[in-house]
Amino acid sequence: MEPQVTDPSVHRRTWAARGAIALTTLLAAAWAWPTSALSWHFFPTGATALFGPSGLHLYVDHPELQVGPVAFVVAWLLSEDPTTPVGTDPRWVSTLPG
């Protein structure tokens, strides 16, 4: 069992460090946001192939797709129109895990 810290300055430094990390994360996300979807086109392509005539043969038809079929199902579900996956902007979902 760790000893409890009763010095308030330690708690302030801890919260200051957490705040600095959170601020740095937000600034990095804001800076990278405009170019962060450069590879998103692989997901709608794979989702269209998975739910099209290729089915699970999409990896033969599209060897550049190196993502599992579950990711393509999620991409299909996140698309604007589930009948024709067009890859809207799911970057907000990818930022949730941190």
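The values are calculated or read from the model by the stated rules, or taken from the named source; none is laboratory data. Quantities reported herein were computed from a predicted structural model and do not represent experimental measurements. Note that each Cβ is placed from the backbone with ideal geometry, even for glycine, and that neighbours are counted across all protein chains shown.
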Could you check how many residues of the stretch 46-70 are polar (S, T, N, Q) and more than 30 Å from Leu26 (Cα to Cα)?
-> 2
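Are any residues in the stretch 62-93 surrounded by 13 or more Cβ atoms within 10 Å (Cβ to Cβ), part of a helix (DSSP H, G or I) and modelled with pLDDT of 85 or more, and if so, which ones? First the steps, then the outcome.
At the first step, the residues of the stretch 62-93 found to be surrounded by 13 or more Cβ atoms within 10 Å (Cβ to Cβ) are 62, 65, 67, 69, 71-76, 78-79, 85, 87-88, 90-91.
If we keep only those that are part of a helix (DSSP H, G or I) as well, we get 69, 71-76, 78, 91.
The answer is Pro69, Ala71, Phe72, Val73.
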Could you list, in sequence order, all residues of the stretch 34-50 that are free of Cβ contacts under 8 Å to residues at least 24 places away in the same chain and part of a helix (DSSP H, G or I)?
-> Pro34, Thr35, Thr45, Ala49
Pairs with Cβ under 6 Å, 6+ apart, first in the stretch 51-66 and of a type in the set (S, T, N, Q), second surrounded by 11 or more Cβ atoms within 10 Å (Cβ to Cβ) = Ser54/Asp61
Count - residues of the stretch 9-60 that are modelled with pLDDT of 85 or more and in contact with a Gly (Cβ under 7 Å, 6 or more places away or on another chain) = 1
Cβ pairs under 9 Å, 6+ apart or interchain, first in the stretch 16-33 and in contact (Cβ under 8 Å) with a residue 40 or more places away in the chain and of a type outside the set (Ser, Thr, Tyr), second outside any helix (DSSP H, G or I) and surrounded by 10 or more Cβ atoms within 10 Å (Cβ to Cβ), ordered by first then second residue, are Ala29/Ser36
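Take Thr6 and decide whether it is surrounded by fewer than 10 Cβ atoms within 10 Å (Cβ to Cβ), under 30 Å from Ala71 (Cβ atoms) and either small (Gly, Ala, Ser) or modelled with pLDDT under 85 (or both).
Details: surrounded by fewer than 10 Cβ atoms within 10 Å (Cβ to Cβ): yes; under 30 Å from Ala71 (Cβ atoms): no; either small (Gly, Ala, Ser) or modelled with pLDDT under 85 (or both): yes.
So Thr6 does not fit the description; no.
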